[in-house]
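To start, the structure under review is shown below, and the notes come after it.
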Amino acid sequence: MTSRRPFRRPTLLAAALAGIVAFSASPARADRCEDIANQLKSQIDGLKIGITAARIVYLSHPHARELSLGCRGASYSNELYAKADSRKPKPEFYELVARAGAIVFTIPKPDVLTGATRCIKRMGLLRGDTVKMRFRRLNMECSRTKTEASIAITRGKDE
């Protein structure tokens, strides 16, 4: 004959309640990417937050055709992508990229403005339609087509 231990319902009930209380006691926390997007929205006039999909937050602004914030990719920690309406962007586009880049990468705004301006203006007959450069620990890749120009600014994971 096998002796069975009595079922200890109060012990199991107490453990289950402790687990529920532990999960409900911790506040819900948005991820770092959404925090950065909310900072961008609060500090840049006219910026709107769109949908979030696959660690990319899509943003919109009147001075950019496309604008997105990528978080934690395979080889980068943050990415800011912006596409201008024309082949030669207006100063307002550069200003938008500089303000957003300064917030995302926590570096001075003039440094991001200088890097973005250099990257986009280097494209041409001699260097081609795609330029990759590094400026102030930021990787910048600029490209253009017949009708538009774009810039992707990233920072590596190890920096």
Q. Hey, what's the Kirkwood Rh for region 41-105 if you take every pair of different alpha carbons, in angstrom?
A. 12.2
**Q.** At 0.692 mPa s and 37 °C, Stokes D of region 97-147 from Kirkwood alpha-carbon radius, µm² per second
**A.** 290
(Q) For region 48-112, which trypsin sites (Lys or Arg not before Pro) pass both filters: DSSP loop (anything but H, G, I, E, B) and at most 16 other C-beta atoms within 10 Å? (A) Arg55, Arg72, Arg87
(Q) Ignoring ligands, DNA and RNA, please state the percent of accessible area on region 82-159 from carbon and sulfur, probe 1.4 Å. (A) 50
(Q) If you take every residue apart from Arg55 with its C-beta less than 10 Å away from the C-beta of Arg55, what net charge results, scoring Lys and Arg +1 and Asp and Glu -1? (A) -1
(Q) Distance between the C-alpha centers of region 33-50 and region 100-153? Whole Å please. (A) 21
Q: Give me D for region 33-159 in µm² s⁻¹, whole number, from Stokes-Einstein with Rh from the Kirkwood sum over alpha-carbon pairs, 25 °C and 0.890 mPa s.
A: 170
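The values are calculated or read from the model by the stated rules, or taken from the named source; none is laboratory data. It should be emphasised that the depicted structure is a prediction, and the values quoted were computed from it without experimental measurement. Cβ sites come from the backbone with ideal geometry, for glycine too, and all protein chains shown count toward neighbours. Each accessible area value is taken on the protein alone, full model and side chains, heavy atoms only, with ligands, DNA and RNA left out. Shrake-Rupley method; radii C 1.70, N 1.55, O 1.52, S 1.80 Å.
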